[in-house]
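Chemist: One structure, pasted below without further comment.
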Amino acid sequence: MKQNTRSHMTYLTRAGVIAGLYVALTWISALLGLSGMGAIQLRLSEALCVLPYFTAAAVPGVTVGCLLANLLTGAALPDIIFGTLATLIGAVGTRCLRRNRYLAPLPPIVANTVMIPFVIRYAYVDVTESLPFLFVTVGIGEILSVGVFGMLLLFALEKHKHRIF
């Protein structure tokens, strides 16, 4: 097999595994009641949004994973579209900032904190919380998911990145 074909297959495999992990972790979060429409949502899958720090394959991986997770969990259409877009923006931002591991969680935190409150407020009719409240609560959830769990994942993987990525 040619090297170019092998590297392309490796890229697609990594992206697919990351997408699958994202969907599985989203389901686990939902089953545990962490990612519902409560005050602070904690999607464990958001921790994977630091993976573009290691590999470009994580950009489509987390993006497709988010799209599939939103489709499979019955999200509203604006949530499917703009939630996936926020994840893509965050993943690209993390990839661009890969020279500094401490900045890796910032793009997903910012993208989701800015975009998702509008989605929650206007896509779901039963949500009555104000936008400022949603900015705070989504921000807290993202800081916990990506800033804490994501960075713990990043530091753990960094020790073994030569074996994984």
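Results for (1) in contact with a Lys or Arg (Cβ under 7 Å, 6 or more places away or on another chain); (2) modelled with pLDDT under 95; (3) among the β-branched types (Val, Ile, Thr); (4) buried (at least 18 other Cβ atoms within 10 Å of the Cβ), shown as yes or no for each residue.
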{"position": "16", "(1), (2), (3), (4)": "no, no, no, no"}
{"position": "29", "(1), (2), (3), (4)": "yes, yes, no, yes"}
{"position": "61", "(1), (2), (3), (4)": "yes, no, no, yes"}
{"position": "64", "(1), (2), (3), (4)": "no, no, yes, yes"}
{"position": "80", "(1), (2), (3), (4)": "no, no, yes, yes"}
{"position": "86", "(1), (2), (3), (4)": "no, no, no, yes"}
{"position": "103", "(1), (2), (3), (4)": "no, no, no, no"}
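Chemist: Next up: State whether one or more residues within segment 42-52 are farther than 18 Å from residue 139 by Cα, part of a loop (DSSP other than H, G, I, E, B) and touching a Leu at 6+ places or on another chain (Cβ under 9 Å).
Modeler: no
Chemist: Filter segment 150-165 for residues that are at pLDDT 85 or above and in a loop (DSSP other than H, G, I, E, B) and give the result.
Modeler: Scanning segment 150-165 gives a single hit, 159.
Chemist: Next question, about the same structure. Can you name the number of the only condition in (1) closer than 21 Å to residue 11 by Cα; (2) in a helix (DSSP H, G or I); (3) of a type in the set (Lys, Arg) that residue 121 fails?
Modeler: So the condition that residue 121 fails would be (1).
Chemist: Can you name the residue in segment 124-149 that is of a type in the set (S, T, N, Q) and in a helix (DSSP H, G or I) and, of all such residues, is surrounded by the fewest Cβ atoms within 10 Å (Cβ to Cβ)?
Modeler: 137
Chemist: Also: Mind listing whichever residues of segment 32-89 are farther than 18 Å from residue 113 by Cβ and among the acidic types (Asp, Glu)?
Modeler: None; the set is empty.
Chemist: Would you mind stating whether residue 91 is touching a Gly at 6+ places or on another chain (Cβ under 7 Å) and assigned to a helix (DSSP H, G or I)?
Modeler: no
The values are calculated or read from the model by the stated rules, or taken from the named source; none is laboratory data. Treat the numbers as computed from the prediction; the structure is a model and nothing was measured. Counting neighbours? That spans all protein chains shown, and the Cβs are built from the backbone with ideal geometry, glycine included.
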